[in-house]
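Shown next, in structure tokens, is the structure this report addresses.
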Amino acid sequence: MIVMVLLIIFSGCSNQEQVEVITDRDTSPLVLTNCRLIDGTGAALKENVSIAIEDGKIKDIGSFKAPEGARVVDVAGRYVLPGFINSHVHEAYDTSNLKNWLNAGVTTVRDLGPLNESDYIEKRDSFNTDLAYASIVSASPIIGAPMGYTSIPVNSPEEAKKAVERLATIRKVDIIKFAIEDRMIDRHFPMLDD
């Protein structure tokens, strides 16, 4: 199991120091102590807590004794929070971008425009196995009416259904992207009748 915990490190309000990534590729327990936890639920900040991670999953949060044989990391009052998700990016299939996003605390990006990348799914699958990069969720090229705001023109709902099936089962995209707006960029785009 792979565990990735991002620790966003602040020395005060005046400057942000760094982002440290702790990875654990085995199943031995990991305990983070002296955490300031923001859990992402809207709950109040939890001060001075410990977080136990075992078999790739958070097992306990609170005050407890570390299990026998656990690796203990004292984070000395640093903030621990879930990784952020950027739900609209372009050019995700670039190692520099993926590293920069991860270093900023963004653990997942949703790329909504593979542009001219024919091998973007293969790149996604390769990058998603490497903890040095943010994970990618890949959208399809845009499906829409011919001469419209589209990359994959379709002439009927049946053609659209076939395009979706091909993209989902053969290309294995994570998200299907449709263009249904008839007025974008101060221009009228054709739409399907049905």
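The values are calculated or read from the model by the stated rules, or taken from the named source; none is laboratory data. In this text the structure is predicted, and so the values were computed from the model without any measurement. Heads up, the Cβs are rebuilt from the backbone with ideal geometry, glycines too, and the neighbour counts pull from every protein chain shown.
Scanning the stretch 145-194 for residues being at positive phi, within 27 Å of the chain's Cα centre (by Cα) and at pLDDT below 90 gives a total of 0.
For ASN86, the criteria (1) over 20 Å from LEU32 (Cα atoms); (2) without any contact (Cβ under 8 Å) to a residue 24 or more places away in the chain hold in every case but one, which is (2). Of the residues making up the stretch 104-160, just one is without any contact (Cβ under 8 Å) to a residue 24 or more places away in the chain, surrounded by fewer than 18 Cβ atoms within 10 Å (Cβ to Cβ) and in a strand (DSSP E or B), namely PRO153.
Taken as a whole, the stretch 90-100 holds at least one residue that is of a type in the set (A, V, I, L, M), assigned to a loop (DSSP other than H, G, I, E, B) and within 13 Å of the chain's Cα centre (by Cα).
Rundown of residues vs (1) touching a strand residue (DSSP E or B) at 6+ places or on another chain (Cβ under 8 Å); (2) of a type in the set (A, V, I, L, M); (3) outside any loop (DSSP other than H, G, I, E, B), yes/no style:
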residue	(1), (2), (3)
CYS35	yes, no, yes
ALA43	no, yes, no
ILE51	yes, yes, yes
ILE58	yes, yes, yes
PHE64	yes, no, no
GLU68	no, no, no
VAL72	yes, yes, yes
ILE85	yes, yes, yes
